[in-house]
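Asks: Mind having a look at this structure? Questions to follow.
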């Protein structure tokens, strides 16, 4: 990655039923991304069957797509994704997103 990272929202839509082992593999993938500082948040949209959202950190849109294309449910053809740049303009995360990278705590800063 470059010295400057951005935030990307990943919209996930399941295209097939998941086996318990696939769900477990997806959870492990998300835990790994979180431990690497590349996943800010992920979850399901409870009112819409088969939908989930995630916010990832990457140097470019292409890198964010590549990162999430490696997700087990995507790689297995059980989900499709749409990835877009996210510019944080309000909310709790705004103060983190707008601070210079060198002023953020390790938990706040996107990886370099």
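Asks: Looking only at the stretch 22-42, count every residue that is more than 10 Å from the chain's Cα centre (by Cα) and without any contact (Cβ under 8 Å) to a residue 60 or more places away in the chain and tell me the total.
Replies: Residues in the stretch 22-42 being more than 10 Å from the chain's Cα centre (by Cα) and without any contact (Cβ under 8 Å) to a residue 60 or more places away in the chain: 11 in total.
Asks: Is it the case that residue 80 is touching a strand residue (DSSP E or B) at 6+ places or on another chain (Cβ under 8 Å), surrounded by 12 or more Cβ atoms within 10 Å (Cβ to Cβ), in contact (Cβ under 8 Å) with a residue 24 or more places away in the chain and under 13 Å from residue 14 (Cα atoms)?
Replies: In short, yes.
Asks: Identify, from the list 14, 61, the residue that is under 17 Å from residue 88 (Cβ atoms), surrounded by 12 or more Cβ atoms within 10 Å (Cβ to Cβ) and over 11 Å from the mean Cα position of the chain (by Cα).
Replies: On the way: 14 fails: under 17 Å from residue 88 (Cβ atoms).
None of the other options fit; the residue is 61.
Asks: Considering only residues of the stretch 83-105 that are surrounded by 10 or more Cβ atoms within 10 Å (Cβ to Cβ) and at pLDDT below 55, which is nearest to residue 6 (Cα to Cα)?
Replies: Per the criteria, the residue is 101.
The values are calculated or read from the model by the stated rules, or taken from the named source; none is laboratory data. Here the structure is a predicted model, which means the values were calculated and not measured. Ideal geometry is used to build each Cβ from the backbone, glycine not excepted, and the neighbour counts take in all protein chains shown.
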